[in-house]
Structures are given as structure tokens and as C-alpha cells.
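What follows is a set of notes on a single structure, which appears directly below.
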Amino acid sequence: MQYISALTELTSEDARHVTTYMTVSLTAVVITLTQLPFERLLGMPLAMRTVLVVGIVVALSGSALFFRYVQGVHRARIAITRCLASGNARRAYELWTGQQGVWAKGGKAYTWGARLTLCGHALVAFTVVYLLLHGK
């Protein structure tokens, strides 16, 4: 029972951390779009505007993949909590780390979410740096 309870706490922490990554990523995109003067963005060369748009789309895609992972964690947490009633620690273990567990099903979403988020924000940062260096 103690093991199952610990797993439910672990799933909660995992979901909370990934949700924080997702929130920070979305916030950074919103801040970039709302705080940069729109006329300066339109004044950038087409290539730089394209880099900005691609960066935003890639960062948002990373956030979407993080959301998909968190959904899987949430479903697993519900299933693991059901294991408390029966005391089935083996099933709880399988739900978390087994072949049908969270990482086996959603590990790629998490990994690609992290990669896309990083790459997207790097592209957005590149355009912000461009604006700072070529500012008027």
C-alpha cells in the first residue's frame, strides 16, 4: 500500500513539473507576441519573420506534446489509485514502468516535447536578438 501511495505522489509531481514546463513555454510565446512592437516585427526581413513564426509553431507543438504526456500521466495516476483498493502493487508498477506504462506510451511525447520546446524558443530568441541588434 505504501508503494502504491508513493507512486501516486510521484505521478502527481511528474505531472506538476511537466505542466510547469508547458506553462512557462506558453507564457514565453505570449509575452514575446504581446510585448514586442508589432510594427517592428513587420519591419523585419521576411526570412526573420518566417523564423519567428516557425519558432512559435515549433514551441507550441512542444507544449502540445507535453500536454499529451501529462494526460497519460493523469490516466495512469487514476489507474494506480484504483490499485490502492486491491493492494495490487504489481499492477501499479506495471502502470507506471511496465510495457504499457506511462513512459512506454508517452515517453516519446515527453522527449519530443522537450526538444521542440527548446528548439522553438531558440528560434524565437534568435529573432528577439535580431530585433535588439538591428533596432531603431
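For the chain, carbon and sulfur atoms together expose 66% of the accessible surface, with a 1.4 angstrom probe and every protein chain in place. Averaged per residue, segment 1-94 has 61 square angstrom of accessible surface, using a 1.4 angstrom probe with ligands and nucleic acids left out. For segment 14-38, the residues whose amide N sits under 19 Å from a probe point set 7 Å from the Cα of residue 60 along the beta carbon direction are 21-38. Considering only 85, 53, 102, whose Cα is most displaced toward the positive end of the charge dipole of segment 46-118, charges sitting on Cβ of Lys, Arg (+1) and Asp, Glu (-1)? Most positive-ward Cα: 85. In segment 74-136, the ratio of gyration radius to Kirkwood radius, Rg to Rh, stands at 1.41 when only Cα atoms are counted. Of the residues 70, 38, 122, the one whose Cα sits farthest toward the positive end of the charge dipole of the chain, with +1 on the Cβ of Lys and Arg and -1 on the Cβ of Asp and Glu, is 70.
The values are calculated or read from the model by the stated rules, or taken from the named source; none is laboratory data. Only a predicted model underlies this, so the values are computations on that prediction, with no experimental measurement involved. Backbone-built Cβ (ideal geometry, glycine too); neighbour counts: all protein chains shown. Quick note on the areas: whole protein, heavy atoms, side chains included, nothing else; ligands and nucleic acids left out. Shrake-Rupley method; radii C 1.70, N 1.55, O 1.52, S 1.80 Å.
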